[in-house]
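The values are calculated or read from the model by the stated rules, or taken from the named source; none is laboratory data. All of these numbers come straight from a predicted model, not from anything done at the bench. So basically every Cβ, Gly included, is an ideal-geometry build from the backbone, and we count neighbours across all protein chains shown.
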Amino acid sequence: MPDLSPAQVAALQKARAFYVGHDQAVGVLNVESSQALLKSGNEGGAWGGSQHGGFPRGQGWGFTQGGPSQGNIAMHVEGHAAAIMWQHNVKDGTLIVDRPMCAICARDLPSALPPGATLRVVSEGEGLTIVRSTHALTEEIPPLAPTTETAPLPSANQAMTPETRASVLLLEEQEGPSPLPLLAFWLTTFAHSWIGD
């Protein structure tokens, strides 16, 4: 079975460390000189994912019209990577995932990718799988799911800087359910400078 390179292992460790407490799949999408850390679930992470829309849904397009479920590629790291490719108009990328591709992704990922796109999926034990879009560049694209703002993809060098993490957490908190974790961090970090030791 193929092993990941040390750089690929390090990238996955970054993703696991970034999504503290997330015990499901994580991945790293590399496109051009940018890198997005991803996780499975309702939200793909700070740099985009299926929760932000911007891709076609329905018959023949990989993403179902149904809600969140494990049977919907939109919940998987590979689905979030495909959504980011739509959102940022990316036609070529490499996704490193911490586990082999499941049957749902193997079935739906080619039709979830933008027309003309190629995604190389690398995972421990499975090695490299090259996935090409099943859609022709000339194919008519149905209406896209409504889009919400996504953070720009950072360069691979800045993906884990404290400044990037703080700005991304702020964006997630603005869209997410509660600002309390960020507020708690802010209070514990800066309270000493205001009230003294």
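Using the structure shown, decide if residue 90 is farther than 19 Å from residue 15 by Cα and in a strand (DSSP E or B).
On the way: farther than 19 Å from residue 15 by Cα: yes; in a strand (DSSP E or B): no.
So residue 90 fails the test.
Listed here are the residues, each with its yes/no results for (1) surrounded by 21 or more Cβ atoms within 10 Å (Cβ to Cβ); (2) at pLDDT 80 or above; (3) among the basic types (Lys, Arg).
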| residue | (1), (2), (3) |
| --- | --- |
| 82 | yes, yes, no |
| 104 | no, yes, no |
| 119 | yes, yes, no |
| 155 | no, no, no |
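Residues of segment 93-134 being part of a loop (DSSP other than H, G, I, E, B), out of contact with any strand residue (DSSP E or B) (no Cβ under 8 Å at 6 or more places or on another chain) and more than 24 Å from residue 46 (Cβ to Cβ), which ones? Reasoning before the result, please.
As a first pass, look at segment 93-134 and keep what is part of a loop (DSSP other than H, G, I, E, B): 98-102, 113-117, 124-126, 133-134.
Filter again for out of contact with any strand residue (DSSP E or B) (no Cβ under 8 Å at 6 or more places or on another chain), leaving 102, 114-116, 124-126, 134.
Within segment 93-134, 115, 116, 125, 126, 134 meet the criteria.
Within the group 103, 83, which residue is touching a helix residue (DSSP H, G or I) at 6+ places or on another chain (Cβ under 8 Å), within 30 Å of residue 140 (Cβ to Cβ) and not polar (S, T, N, Q)? Outline the logic, then answer.
On the way: 103 fails: touching a helix residue (DSSP H, G or I) at 6+ places or on another chain (Cβ under 8 Å).
Every option except 83 fails the conditions.
For segment 59-73, indicate whether the set of residues that are among the hydrophobic types (A, V, I, L, M, F, W, C), within 9 Å of the chain's Cα centre (by Cα) and under 18 Å from residue 113 (Cβ atoms) is non-empty. Show your work before the answer.
Our first condition is that a residue be among the hydrophobic types (A, V, I, L, M, F, W, C); within segment 59-73, this holds for 61, 63, 73.
Next cut, within 9 Å of the chain's Cα centre (by Cα) only: none.
There is no residue in segment 59-73 that is among the hydrophobic types (A, V, I, L, M, F, W, C), within 9 Å of the chain's Cα centre (by Cα) and under 18 Å from residue 113 (Cβ atoms).
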Exercise. For residues that are over 16 Å from residue 95 (Cα atoms) and either in contact with a Pro (Cβ under 6 Å, 6 or more places away or on another chain) or surrounded by 17 or more Cβ atoms within 10 Å (Cβ to Cβ) (or both), tally how many sit in segment 1-24.
Key: 2
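Residue-wise test of (1) hydrophobic (A, V, I, L, M, F, W, C); (2) within 19 Å of residue 19 (Cβ to Cβ); (3) modelled with pLDDT under 90.
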| site | (1), (2), (3) |
| --- | --- |
| 57 | no, no, yes |
| 70 | no, yes, yes |
| 99 | no, yes, no |
| 128 | yes, no, no |
Self-check item: Filter result for the condition that a residue is in contact (Cβ under 8 Å) with a residue 40 or more places away in the chain and in the same structural domain as residue 125 (by TED's automatic domain parsing), over 41, 21, 62
Solution: 62
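Might you let me know whether segment 44-59 holds any residue that is in a loop (DSSP other than H, G, I, E, B) and basic (Lys, Arg)? It would help to see each step written out before you state the result.
Looking only at segment 44-59, we keep the residues that are in a loop (DSSP other than H, G, I, E, B), and these are 44-49, 53-55, 57-59.
So of that shortlist, the ones also basic (Lys, Arg) come out as 57.
Yes, because at least one residue in segment 44-59 is in a loop (DSSP other than H, G, I, E, B) and basic (Lys, Arg).
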